[in-house]
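Let me begin by presenting the structure, written as structure tokens, before commenting on it.
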Amino acid sequence: MSDKLTIHDLRAAGFCVSGIKTHYDRLGLDVSFRDFVRHGYPLEKARLVEDAHAKRAVEKADERIAAAKEAE
């Protein structure tokens, strides 16, 4: 199973949903915003996005994943 960046990670980073959608559309990623919300975005691809907001969201995803592994 590969780790995913989720809408929840973006919310945890402090972004509002309407702002997320607008910014997501500007980034021109290879999946639709709807698919991202439903299924997430591969974390390995998200790490490659050269955008400060994306990097902050990836940090939140890393924190979430680390906490889940620690809880196991």
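Overview of values
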| read-out | value |
| --- | --- |
| Members of region 38-56 that are in contact (Cβ under 8 Å) with a residue 12 or more places away in the chain, farther than 11 Å from Lys4 by Cα and either part of a helix (DSSP H, G or I) or of a type in the set (D, E, K, R) (or both) | Asp51, His53, Ala54, Arg56 |
| Residues that are touching a strand residue (DSSP E or B) at 6+ places or on another chain (Cβ under 7 Å) and either closer than 14 Å to Lys55 by Cα or part of a helix (DSSP H, G or I) (or both), drawn from region 1-37 | Lys4, Leu5 |
| Positions within region 4-25 being of a type in the set (S, T, N, Q), open to solvent by 60 Å² or more (accessible area, probe 1.4 Å) and under 9 Å from the mean Cα position of the chain (by Cα), in sequence order | none |
| Within region 57-72, tally of residues that are open to solvent by 30 Å² or more (accessible area, probe 1.4 Å) and touching a residue at least 60 places away in the same chain (Cβ under 8 Å) | 0 |
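The values are calculated or read from the model by the stated rules, or taken from the named source; none is laboratory data. Every value quoted in this text rests on a predicted model; they were computed, and no experiment measured them. Neighbour counts run over all protein chains shown; Cβ positions are idealised from the backbone, glycine included. For accessibility, only protein heavy atoms count, side chains too; no ligands or nucleic acids. Shrake-Rupley method; radii C 1.70, N 1.55, O 1.52, S 1.80 Å.
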